[in-house]
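Engineer: Would you mind keeping the following structure in view while I ask a few things?
The values are calculated or read from the model by the stated rules, or taken from the named source; none is laboratory data. Quantities reported herein were computed from a predicted structural model and do not represent experimental measurements. Because the Cβ atoms are built from the backbone with ideal geometry, glycine has one as well, and the counts that use them run over all protein chains shown. For the accessible areas, the whole protein counts, side chains as well, though only heavy atoms, and no ligand, DNA or RNA atoms are used. Shrake-Rupley method; radii C 1.70, N 1.55, O 1.52, S 1.80 Å.
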Amino acid sequence: MKTTTLVVCCTIALGLLSCGSQKPSYTEAEKNQLEEMIDAKTFRLNPRWANPLATRTVNVLATSGLLQPGSTPNRIDIIGTTAYLEVTQDSVRAELPYYGERQFGSIYNSANAGIQFKGVPEDFKVEYNEKKGSYYFTFDIINDLGEGFNVNGTLFPNLKTTFYINSTERLTIGYTGTVADTPQTE
């Protein structure tokens, strides 16, 4: 009995020590680069994964074999697509693939079935979370077809990102990827 108690206590103690000794998963250069992009209000989000809600329709898509190998109904590999969300000073633009369901009747154009918008957003905010060491951003925008989007996400100091897009016409979808400098093109 004493041996079992000793083993359990040692396991708990080692577990607690290992939790406190984790090193940050980012370099100081990455953290500084993110701060510079935030200060300049110029950055590009390059998603690697689309994370739709795993609805019945998305599950049917997955079981049909149409998703890339390694993808699941709620985590779809989008490498090789032109997927981005750019912030440049006071404007934003995005071209993102969409997997999910439309909820309201609207003009459907197969040429731009993904999420696309470009313009000056409303209520654009970037706030620093000191406890987590990351930045939270949010904004609203309406595209040329009248579809409204609420975009919010987190920029991590290791130059990774997770963001979500809520639409007036579609189910919510999330994306995960990386943060980079925005190329100065237009």
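Engineer: For region 163-178, give me each residue that is assigned to a strand (DSSP E or B) and of a type outside the set (A, V, I, L, M).
Structural biologist: Filtering region 163-178 down to residues assigned to a strand (DSSP E or B) leaves 163-167, 170, 173-178.
Those that are assigned to a strand (DSSP E or B) and of a type outside the set (A, V, I, L, M): Phe163, Tyr164, Asn166, Ser167, Arg170, Gly174, Tyr175, Thr176, Gly177, Thr178.
Engineer: Among residues belonging to region 92-110 that are part of a loop (DSSP other than H, G, I, E, B) and modelled with pLDDT of 80 or more, point out the one that is farthest from Leu45 (Cα to Cα).
Structural biologist: Checking each candidate, the answer is Glu101.
Engineer: Another one. Quick one: is Val126 open to solvent by less than 30 Å² (accessible area, probe 1.4 Å), of a type in the set (Val, Ile, Thr) and either in contact with a Lys or Arg (Cβ under 9 Å, 6 or more places away or on another chain) or modelled with pLDDT of 95 or more (or both)?
Structural biologist: Considered against the rule, which asks whether it is open to solvent by less than 30 Å² (accessible area, probe 1.4 Å), of a type in the set (Val, Ile, Thr) and either in contact with a Lys or Arg (Cβ under 9 Å, 6 or more places away or on another chain) or modelled with pLDDT of 95 or more (or both), Val126 comes out as no.
Engineer: Follow-up question, since we're still on this one. Got at least one residue in region 141-153 being under 18 Å from Gln33 (Cβ atoms) and aliphatic (A, V, I, L, M)?
Structural biologist: No, that holds for no residue.
Engineer: Same structure, new question: Considering only residues that are assigned to a loop (DSSP other than H, G, I, E, B), farther than 19 Å from Asn129 by Cα and open to solvent by 90 Å² or more (accessible area, probe 1.4 Å), look in region 1-52 and name the one that is modelled with the lowest pLDDT.
Structural biologist: That would be Gln22.
Engineer: For residues that are more than 18 Å from Thr42 (Cβ to Cβ) and in a loop (DSSP other than H, G, I, E, B), tally how many sit in region 117-138.
Structural biologist: Of the residues in that region, 4 qualify.
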